[in-house]
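Here's the structure, in structure tokens; my notes come after.
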Amino acid sequence: MEPFLILTGPTAVGKTALSMQLAAELDAEIISADSRQVYRELNVGTAKPDEQDLQRVRHHFINERFLGEAFTAGIFQREAYARIEDVLDRGRTPLIVGGSTLYLKALKHGLANIPDIPEDVRADIRKRLDDEGPETLYAALQSVDPQAAETMDPTKSQRIARALEVYEATGTPITAYHDEQPPPPYAFLTVVLHRDRRQLYDRINRRVDRMLDDGLIEEVRQLLDAGHDLSINLLRTIGYKEPVAYLRGEISHDEMVRRIKRNTRRYAKRQLTWFRRDEDNVWVDAAADSNDLRSDIRQLLAQASDVSSPAS
């Protein structure tokens, strides 16, 4: 099976510009792996491709949902596989672009078929977490699913709670579901763009300034005026939660800008940590000459295709 290219990397590294060039050279349609750009109402704060780019290259999962509509990693995985098949049926090439790590994990490795967890079970585990603390719940997990516990940090409460929820609701360890998960129908070559840290942080800071110039505050004000629920996760993400706090009079304008830049830099650092965990990822310097960069990526893709093809 010939692999399809995933172009990823930390926020502001330069994925969009490079993906547009590669899409033209590969006769590709872009499948966005960005958890926020799928929403019509979120534009400036998500650094969404502009209208000219959207007209030049067909994009999938851009402006396809309204706020309040669910779009999880599982939904993305199922719909992305279907879009890939449609793209291939049209004789074109799928190019996956984005930095939402859970979406990429779901696409590359599949998801376990875990049943929905009843809300009363979730509430009970959350209460135990608050009352007893993560270390106590970790000890409980060790007794029912030691294999899962071995992969977790005892202080990381959300993963521990999730594993306990699954066991309490189903009587089956979460590791059993992961062991049985089917392999994905496609293979992928993941290219991670990276830059010198100072350069990346400078790009992040300049992007935030540009978002503010492009009307980020007005976009958030319109969301507030429309009565959107501020408790939804999307409005508690970087680039939205800080302007919300500013517009509600909780922080100054300068503090809002400082927090957006700081939180975005921290997010980029977390992304890079996640990318380093996958030894199959190929890292390329986004600061290289554009022509050389595209040539190197095409060569990597050709080499990966040769390896995956049976010997003649």
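The values are calculated or read from the model by the stated rules, or taken from the named source; none is laboratory data. Because the structure is predicted, anything quoted here is derived from the model rather than measured. Glycine gets a Cβ as well: all are built from the backbone with ideal geometry, and neighbour counts include every protein chain shown. Accessible surface is based on the protein model in full, side chains and every heavy atom, while ligands, DNA and RNA are left aside. Shrake-Rupley method; radii C 1.70, N 1.55, O 1.52, S 1.80 Å.
Got at least one residue in region 160-178 being assigned to a helix (DSSP H, G or I), of a type in the set (Lys, Arg) and open to solvent by less than 70 Å² (accessible area, probe 1.4 Å)? No.
Scanning region 193-209 for residues that are free of Cβ contacts under 8 Å to residues at least 60 places away in the same chain, touching a helix residue (DSSP H, G or I) at 6+ places or on another chain (Cβ under 9 Å) and more than 15 Å from Val257 (Cα to Cα) returns a single hit, Arg197. Residue pairs whose Cβ atoms lie under 9 Å apart, separated by 6 or more positions or on different chains, with the first residue in region 21-34 and without any contact (Cβ under 8 Å) to a residue 60 or more places away in the chain and the second assigned to a helix (DSSP H, G or I), are Ala24/Arg56.
Pairs meeting the criteria (first residue in region 241-257 and surrounded by 11 or more Cβ atoms within 10 Å (Cβ to Cβ), second residue at pLDDT 95 or above and assigned to a loop (DSSP other than H, G, I, E, B), beta carbons under 7 Å, at least 6 apart or on different chains) are Ala245/Ile251.
For region 55-92, the set of residues classified as over 20 Å from the mean Cα position of the chain (by Cα), closer than 27 Å to Glu219 by Cα and either without any contact (Cβ under 8 Å) to a residue 12 or more places away in the chain or part of a helix (DSSP H, G or I) (or both) consists of Gln55, Arg56, listed by residue number.
Results for (1) touching a Lys or Arg at 6+ places or on another chain (Cβ under 7 Å); (2) more than 27 Å from Pro243 (Cα to Cα); (3) surrounded by 20 or more Cβ atoms within 10 Å (Cβ to Cβ); (4) among the aromatic types (Phe, Trp, Tyr), shown as yes or no for each residue.
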position: Thr46; (1), (2), (3), (4): yes, no, yes, no
position: Leu67; (1), (2), (3), (4): no, no, no, no
position: Phe76; (1), (2), (3), (4): no, yes, yes, yes
position: Glu85; (1), (2), (3), (4): no, yes, no, no
position: Thr101; (1), (2), (3), (4): no, no, no, no
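Scanning region 150-166 for residues that are touching a residue at least 24 places away in the same chain (Cβ under 8 Å) and under 23 Å from the mean Cα position of the chain (by Cα) yields Ser157, Ile160, Ala161.
Could you grab me the full set of residues in region 28-41 that are assigned to a loop (DSSP other than H, G, I, E, B) and either touching a Ser or Thr at 6+ places or on another chain (Cβ under 6 Å) or at pLDDT below 95 (or both)? Within region 28-41, Ala33, Asp34, Ser35, Arg36, Gln37 meet the criteria.
If you filter region 3-17 down to residues that are open to solvent by 10 Å² or more (accessible area, probe 1.4 Å) and not in a loop (DSSP other than H, G, I, E, B), you find that the one that is nearest to Ala226 (Cα to Cα) is Thr16. Looking only at residues in region 122-159 that are of a type outside the set (Lys, Arg) and not in a helix (DSSP H, G or I), the one that is modelled with the lowest pLDDT is Thr155. If you filter region 19-44 down to residues that are more than 23 Å from Asp296 (Cα to Cα) and hydrophobic (A, V, I, L, M, F, W, C), you find that the one that is most open to solvent (accessible area, probe 1.4 Å) is Val44. Looking at Pro146, Pro134, which one is surrounded by fewer than 18 Cβ atoms within 10 Å (Cβ to Cβ) and either of a type in the set (Val, Ile, Thr) or without any contact (Cβ under 8 Å) to a residue 40 or more places away in the chain (or both)? Testing whether each residue is surrounded by fewer than 18 Cβ atoms within 10 Å (Cβ to Cβ) and either of a type in the set (Val, Ile, Thr) or without any contact (Cβ under 8 Å) to a residue 40 or more places away in the chain (or both) leaves just Pro146. Tell me, please, whether a residue that is outside any helix (DSSP H, G or I), aliphatic (A, V, I, L, M) and modelled with pLDDT of 95 or more can be found in region 230-247. Yes, region 230-247 contains a residue that is outside any helix (DSSP H, G or I), aliphatic (A, V, I, L, M) and modelled with pLDDT of 95 or more. When Arg262 is tested against the conditions (1) open to solvent by 60 Å² or more (accessible area, probe 1.4 Å); (2) of a type outside the set (Ser, Thr, Tyr); (3) farther than 30 Å from Lys105 by Cα, the lone failure is (3).
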